[in-house]
Amino acid sequence: MSLILDKISYYYGKGTAFETAAVKNITLSIPDGEFIGLIGHTGSGKSTLIQHMNGLIKPESGNIYFNGADIYDKDFKLRDLRRKVGLVFQYPEHQLFETTVIKDVLFGPNNMGFTKLEAEVAAYDALKAVGIGEDLIDASPLELSGGQKRRVAIAGVLACNPEILILDEPTAGLDPAGRTEILNLLKKIHEEKKITIILVSHSMEDVARYAERIIVIDNGEIYFDDEPRKVFEHEDELKKMGLEIPQCTQLVRKLKKCGFDVDEDCLTVEETLASIKECFGIN
Amino acid sequence: MVNFDKVTFEYIRRDEDGNVEGINKALDEIDLDVKKGDFIAILGANGSGKSTLARHINALLKPTEGTVYIEELDTKDEKNHLSIREKTGMVFQNPDNQIIASIVEEDVGFGPENIGVPTKEIWERVAEALEKTGMTAYREKSPNNLSGGQKQRVAIAGILAMKPDCIVLDEPTAMLDPEGRKEVIKTVTELNKTEGITIILITHYMTEVVGADKVYVMEKGSIKLQGTPRQIFSKVETLAEYKLDVPQVTWIAHQLRKAGLKLPECVLTVDELVEALKELVQYD
C-alpha cells in the first residue's frame with residue numbers, strides 16, 4: 001500500500017508567455033504509516049504537489065501510482081483515491097457550510113457511498129478522534145471557536161476513513177496553545193489509526209518535533225528528502241531557500257562552536273535542555 | 001496618539017426571532033495609552049479580543065461604553081471618521097484579500113486617489129511609499145505574481161501613501177513563510193525607527209515582538225500583562241496559562257535557571273544565551 005509519484009511535471013500557463021514550471025520531474029514514494037513534513041517557502045510548489053496526490057491536478061508528464069494502480073488508467077476510480085487520500089486545505093473552517101456540526105461531518109461519507117449507518121459511525125468516530133464532545137455535535141459551526149471549527153473541518157475529511165491525510169498548514173492563524181493541540185491531535189491520529197500524515201508547514205520547530213521524514217521543496221524540485229536530523233545539517237542551503245533550522249538547533253550548534261560539549265543534533269527544546277544540563281553536570 | 005479610556009465592547013447574540021440570547025463582552029474596560037512613535041505588540045489567544053481592539057483604533061467598531069481617542073478625536077463621532085482613517089491604517093492577515101488593483105502602483109495609489117489628492121502628488125506618494133517598503137522594482141508588476149511577504153509590503157505601501165501617523169497590523173504574518181515574516185517585520189521596524197510611525201502589531205509569533213517597546217497580553221477581553229518584552233517573557237508559566245508560549249531559547253534559559261544555573265532573568269535571543277553560558281564557564 002503506497003503512493004508513488006514517478007517523474008511528474010506540471011506547468012502553469014502552459015503554452016503562453018507566462019509558462020512556469022510549478023513541479024519539475026518529481027519522484028517520490030510514500031509508504032504506509034509515515035509522518036512526513038513537507039516544507040518550502042511560499043510559491044515553492046508545495047500546494048501544487050499535494051494536489052497531484054489525490055488527482056486534483058493531472059501532471060503534464062509522469063505517472064502516479066496508488067497501491068500499484070496508475071490513477072489515470074481508464075479503469076481506475078478517482079473517487080476511491082479521493083476517499084483514501086484526504087486533503088485538508090488551508091483554513092479548512094472556511095469550507096464548513098452545514099447548519100450543524102454532525103451534518104457537516106456526514107457530508108463526506110454520505111457522498112462517498114457509505115451506507116447511512118456506516119456514515120454515522122464514521123462521523124461520530126471522527127469527531128471523537130478530534131476531541132469534539134457530544135455536547136457540540138448539534139451546535140451550529142458558527143458558534144464554535146476558531147480551533148474547534150478547524151477540528152470539525154479535519155473530522156469531515158477523517159470521516160471518509162482515509163489511508164493518507166494531507167494537511168496544508170493546519171496551524172496557520174492559531175494561537176500557540178491551539179497549534180500544539182492540532183499537532184498533538186495529528187500525532188494521536190497517526191499512532192492510533194495508523195494513517196500516513198503529510199504535514200505542509202512553515203514552522204521548522206513543528207516539523208522537527210513531529211515528522212519522521214522531511215521533504216524540502218524549492219522551485220518545484222525536491223532538494224532534501226531524509227530524516228529531520230540529516231535535513232537540518234544543511235543549514236546554509238536551507239537559509240538560501242528562505243527556510244530556517246529550529247531555534248534550539250541553532251543554539252546547540254553555536255554552543256558547540258564555542259567549545260561546549262553539547263549534542264549538535266538536538267531538534268526539540270527538551271533534547272536541547274537535557275544536553276545543556278548534561279554539559280553543565282546538572283539534572 | 002491612541003488612547004482607550006475604559007473601553008467596553010459587547011456583541012449581542014440574538015435568536016431567530018430577534019430576542020436577545022446573550023451578551024458577549026469582547027472588550028472589558030480596556031485602558032490603553034500609546035504614545036506617538038511607539039512600537040507596541042499585542043499578544044493573546046484566539047478569541048481574546050485582540051482584533052476587536054484593533055478595529056476600534058480606526059473606528060471600524062465603536063465602543064459600547066468608554067471612549068477611544070485618536071489624537072483627541074473621539075471615534076464615536078462620525079464626523080471624525082475620515083480624518084481618523086487617514087491617520088491610522090490597517091493591515092490584515094490575508095494578503096490576497098487586501099489587494100484590489102491589477103498593477104502594484106495603482107493599488108498603492110488607491111487610497112490617496114479616494115481622498116482627492118491631486119494626481120501629481122499621488123504619483124509622488126506612490127513612489128515614496130514603494131521606496132520605503134523596498135517594492136519599487138515591482139511597481140508595474142501584477143500583484144498576482146508576488147509572494148505573500150511582498151503582497152503584505154504592497155498593503156503597507158498603500159497605507160503609507162495615505163501618510164498615516166499609525167499603522168495597525170492584525171496578524172500580518174500568519175499566512176507567510178519564515179522569509180516573508182522577516183520581510184514584513186523588518187519593514188515595519190524600519191518605518192517605526194526612521195519615519196517615527198506608531199506601530200501596533202498583533203501576532204501569535206513570539207519571536208516577532210522581541211523588538212517592541214512594549215507588549216500587552218490580552219485574555220477574555222482585558223489586558224492581563226503589560227511591560228517590555230523582557231518583563232513579559234520572564235513570566236513563562238503565566239503566559240502558558242494565557243495559551244501563549246515564549247521563544248524556544250527563552251524557555252530553555254528559564255528551565256536552566258530553575259535548575260540552578262546563574263543566568264539573567266530573561267533571555268530573548270540565541271546569541272544572548274550563548275554569551276550568558278560562556279560567562280558562566282569563565283567564572284568557574
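Bear in mind that the values in this text are calculations on the coordinates, not laboratory data. From a predicted model like this one, the values you see are computed outputs, not experimental measurements. Virtual Cβ from ideal backbone geometry, glycine too; neighbours counted across all protein chains shown.
A few notes on this one:
- Distance in nm between pseudo-label sites at A:V121 and A:E221 (7 Å out along the Cβ direction from Cα): 4.9
- Calculated diffusion of the protein assembly as shown, Stokes-Einstein form, Kirkwood radius summed over Cα pairs, 10 °C and 1.306 mPa s, µm²/s: 62
- Summary value for the stretch B:1-154: 19 percent relative contact order, contacts being C-alpha pairs under 8 angstrom separated by 6+ residues.
- Under the combined filter of DSSP loop state and at most 13 neighbouring Cβ atoms within 10 Å, the stretch A:66-104 retains these trypsin sites (Lys or Arg not before Pro): A:K74, A:K77.
- For the stretch A:183-283, the set of chymotrypsin sites (Phe, Trp or Tyr not before Pro) satisfying both a DSSP loop assignment and a count of at most 10 other C-beta atoms within 10 Å is empty.
- Placing dummy labels 7 Å off each Cα toward the beta-carbon, the span from A:F76 to A:K58 is 1.2 nm.
- A Förster radius of 35 Å, combined with the Cβ-Cβ distance separating B:D5 from B:E272, puts the computed FRET efficiency at roughly 0.40.
- Entries in B:K25/B:K62; A:K239/B:K163; B:K50/B:K214 that, when Cα-Cα distance is taken, lie over 24 Å: A:K239/B:K163
- Within straight-line cross-link reach of B:K182, aspartates and glutamates at Cα separation under 13 Å, skipping those fewer than 8 residues along the same chain: A:E244, B:E190, B:E208
- DSSP-assigned coil residues among GluC sites (Glu not before Pro) in the stretch B:23-72, each with at most 11 further Cβ atoms within 10 Å: B:E72
- For chain B, radius of gyration divided by Kirkwood radius, i.e. Rg to Rh on alpha-carbons: 1.02
- Summary value for chain B: 21 percent relative contact order, contacts being C-alpha pairs under 8 angstrom separated by 6+ residues.
- Applying 0.36 nm per residue to the separation of B:E71 and B:T228 and subtracting their alpha-carbon distance, the gain on full extension is 54.1 nm.
- Pairwise inverse Cα distances across chain A, averaged and inverted, put the Kirkwood hydrodynamic radius at 20.3 Å.
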